[in-house]
Number of protein chains: 2
Amino acid sequence: MSNNNSNERFRKDIFLHNSLTRKKELFEPISQEVVGMYVCGPTVYGEGHLGHARSAITFDILFRLLRFNDYKVRYVRNITDVGHLENDADNGEDKLAKQARVEKLEPMEVAQHYTNSYRAQMAKMGCLSPSIEPLASGHIIEQIELTRQILDKGLAYESNGSIYFDVQKYAQSHRYGELSGRNLDDIISGTRDLDGQSEKRFSADFALWKKASPEHIMRWPSPWSDGFPGWHAECSAMSRKYLGETFDIHGGGMDLLFPHHECEIAQSTAAYGHSPARYWLHNNMITLEGKKMGKSLGNAISLTQFFTGDHKLLDRAYSAMVIRFFILTAQYRSTLDFSNEALIAAEKGLFRLLSAQEALHKLDKSQITGHKSQNELLNKCLEAICDDMNTPIAIAHLFDAVKTVNSVVDGKEKLSAEAISDLRMAFDLVLGELLGISTQEGVAASGGADEALGGAMELLIEMRSEAKKARDFATSDKIRNSLAEVGITLKDRPDGTDWELKK
Amino acid sequence: MSNNNSNERFRKDIFLHNSLTRKKELFEPISQEVVGMYVCGPTVYGEGHLGHARSAITFDILFRLLRFNDYKVRYVRNITDVGHLENDADNGEDKLAKQARVEKLEPMEVAQHYTNSYRAQMAKMGCLSPSIEPLASGHIIEQIELTRQILDKGLAYESNGSIYFDVQKYAQSHRYGELSGRNLDDIISGTRDLDGQSEKRFSADFALWKKASPEHIMRWPSPWSDGFPGWHAECSAMSRKYLGETFDIHGGGMDLLFPHHECEIAQSTAAYGHSPARYWLHNNMITLEGKKMGKSLGNAISLTQFFTGDHKLLDRAYSAMVIRFFILTAQYRSTLDFSNEALIAAEKGLFRLLSAQEALHKLDKSQITGHKSQNELLNKCLEAICDDMNTPIAIAHLFDAVKTVNSVVDGKEKLSAEAISDLRMAFDLVLGELLGISTQEGVAASGGADEALGGAMELLIEMRSEAKKARDFATSDKIRNSLAEVGITLKDRPDGTDWELKK
């Protein structure tokens, strides 16, 4: 990603749909050089799934677009590792001070495991690393400080060692519900309290600090009790620490809009006197054959299962780049329905685009630089991506261009070297830099190194069996032996021949 | 790594050199099931280098060995991200409250960058992820708590908002210097104070908490001042949090033995009444052609430079597995001298071992399981690794076995299927599981999956040219077209045929 103003002449205004105003707005950053973006990351107590992927990929596109527009971006994505994990009978909090801590259940081991796998999976799917990935457990002081400030403003109260945000009092002087568009009555009727209801004055109040029950493992000292922060506090505290009291963009999944982001706004407004972010963006959900995905519904597929194909609902494995491309075939604000058919179609489409891109690089080696052309394709694609990240339109423009590329390849059409250079530049910038499709991974997606070896082996196995039928054992042995030399073993079975690469 | 007791019959007593007693001792864990190990990780303000690699690989071997012995291991390796970074003139701490924080220098961006690259590099070199990788910045509360406890014991004092450990007072009732074997006089004469000397009562005193100067960015509130912890505090606080007041193994580089580990012992003893760890292990340094490595000496080579070959002292690039193997060719307590010759020799040696391993898997497909043989090679290698991780001896035993393997391959020698199966098991367990040489990476270093495709293509190209000679164009076209389908292009040249995989 070049930040050396090389993209200057293609730069366009960026328009983003702001959930706060429910309108598409021109993006105008607080600073002309630096953009601050905060995105709600994963809760690291489970396997990564398509929902994680869509959110990470959506804001990765925005990150790439802002950088393409030569902004320096500080992109903060948190890791929620302060769970409510409690000891069960077998791993009970130890009663003997002498027993080594090492024998106890340690939530951080679980959090570390899923944090590592989340990071690895997002990288595999072509997401650039955020500038900072702060841990909730690493910012307890900041969350206590936030709670103290809200208490000082008289907009929170203590109850039995826990601190709750006083929604009714806040609502007297501020609009609670401005992001979600709900009014207090809706909110009350919609509020469920399974935990500590009796401690609250009002059902819509939410915890800033929770006193830990004896069996609760993750706990820290505070002025009010040994406990842990409420689940909305971390984002307000960490976004302020790394981006300031007011920053440009706050993003996350649609499911976080209420109550999480509504509560963040209330917390920041109560503590600092103003809303934290100017643009609130929310990506929509992914459904599975029309149904919501969920563990309870038995149709939750982990990313690992997608990569391995190891799930009853999957016909086969899909590569990380195919999943990325599939997600980009829908605009982030619309729902996206998963099915094997849809993923296979995405894989085919991705292969077409990458093949055309490669053909363009072969068509004409003489790169014409600094030419003054308009580059219509690039401009059309950029307009689409700058229009609230309308990636499917950009992809459609690329597909149109594939037709031209192929007819040039087939010699049915002729283009100037400059036109070819424009097409090449458009494919490289849009598909590579902006959509983040890494060619290497991408080709692997639609074959690539593994598929190439697979195809070559298929061919060799077929030629070997033909040789055997023809009693040409010289050839069949030659094939077996030459392959053995490079670590490939052939295994003849009744129903055919398998091969294995020694690993 | 199998923890299902499959290794039971090969398990041996582990002996480790304990820096605390200066003796090699039988390792006896506090708990029979779980082992706690804490290793000092990197300070994430610079590129990873050979020193980082040697420490991580040394304790990765111990981690693997303990797991091989069927212990559940909680391996904690910290990330030191609390630096002393200060604003320079250009990025001065902002004076206007209104300016967005995003425009300021943010140390966490730097820390995140180097943390990510450290993790990626260690993984590339075959190091298993630790169970927990705690950040110093994420455990300020615990470090404040430690400081408070030492103050309560009267073994620390406040001076101008900073808290210092009172070494003289501690030395009245405890042995300060037991790990390093130094006495207080040596220590005093050896102590340098470039910072805050005037605040200290005694030159060997060290900071538990430092009041932050106005230009200091990383700062947290504390009972004594806005500041940051002293650099020894984090390891005492985090090892206690995740492993307990007393745990089994504390490791790190030799350069950390004094003052860092000496101070950790003093801190824990002062706060909790006893030394934190029972076994202290230290890996030795890597020299470059006899000289110490260091930025100041202009001979510091980053791991990235090793992987790319992009450094004036490097003849070429070296793969991560070759560097791992090179490090394992010396016992961790002896110095290891780097040179291009040494790395090239390591690469050749690694290739020999991996080729022999591969040959063993081809020699005999009939895996004899559950056989009652002694497996002499495996036992000899395990004895060596259990003897204070004497990896070079284990590697030497494997090299001896390579001779046998090769003479069997050449048909000069015959072995029973059981003997072959023993050899195969020894190579797989020692080279793979215990030394952590991943065949894939390793062979890639010297050929590998690419080599397999290369071999298959060579064969196909040869068969195609034969088909052409025989005017069997059906076959030659079939080869070209089937390969094209999987992204492989054949290019006929006057001097033969090249092939290219779409990338």
Hand me the list of helices (runs of 4 or more DSSP H) wholly inside the range A:298-417 holding 2 or more residues that are among the β-branched types (V, I, T) and open to solvent by less than 10 Å² (accessible area, probe 1.4 Å). A:320-328, A:391-409
Can you tell me which residue in the range B:449-498 is nearest to the other protein chains (Cβ to nearest Cβ), limited to those that are under 17 Å from A:I488 (Cβ atoms) and outside any helix (DSSP H, G or I)? B:V486
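Each row is one residue, and each column tells you yes or no for (1) farther than 30 Å from B:L208 by Cα; (2) in contact with a Gly (Cβ under 9 Å, 6 or more places away or on another chain).
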| position | (1), (2) |
| --- | --- |
| B:D248 | no, yes |
| B:H274 | no, no |
| B:M285 | no, yes |
| B:G294 | no, no |
| B:L314 | yes, no |
| B:R324 | yes, yes |
| B:T335 | yes, no |
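Every residue, every condition in (1) under 22 Å from B:I461 (Cβ atoms); (2) of a type in the set (A, V, I, L, M, F, W, C); (3) modelled with pLDDT of 85 or more, yes or no:
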| site | (1), (2), (3) |
| --- | --- |
| A:I461 | yes, yes, yes |
| A:S465 | yes, no, yes |
| A:A470 | yes, yes, yes |
| A:V486 | yes, yes, no |
| A:D492 | no, no, no |
| A:W499 | yes, yes, no |
When you scan the range A:41-49, do you find a residue that is in contact with a helix residue (DSSP H, G or I) (Cβ under 9 Å, 6 or more places away or on another chain) and within 14 Å of chain B (Cβ to nearest Cβ), even just one? yes
How many residues does the range B:21-40 contain that are within 14 Å of chain A (Cβ to nearest Cβ) and either of a type outside the set (D, E, K, R) or open to solvent by less than 10 Å² (accessible area, probe 1.4 Å) (or both)? 9
Flag for A:E25 being touching a strand residue (DSSP E or B) at 6+ places or on another chain (Cβ under 9 Å), in a strand (DSSP E or B) and acidic (D, E): yes
Tell me, which residue of the range B:218-247 that is open to solvent by 30 Å² or more (accessible area, probe 1.4 Å) and among the hydrophobic types (A, V, I, L, M, F, W, C) is modelled with the lowest pLDDT? B:W231
Strands (runs of 3 or more DSSP E) wholly in the range A:225-297 with at least 1 residues that are among the β-branched types (V, I, T), away from chain B (no Cβ under 14 Å) and out of contact with any Phe, Trp or Tyr (no Cβ under 8 Å at 6 or more places or on another chain) - which ones? none
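The values are calculated or read from the model by the stated rules, or taken from the named source; none is laboratory data. Here the structure is a predicted model, which is why all the values come from computation and not from measurement. Neighbour counts are summed over all protein chains in view; Cβ atoms, including those assigned to glycine, are modelled from backbone coordinates with ideal geometry. Note: accessible area is taken over every heavy atom of the protein model, side chains too, but ligands, DNA and RNA are not part of it. Shrake-Rupley method; radii C 1.70, N 1.55, O 1.52, S 1.80 Å.
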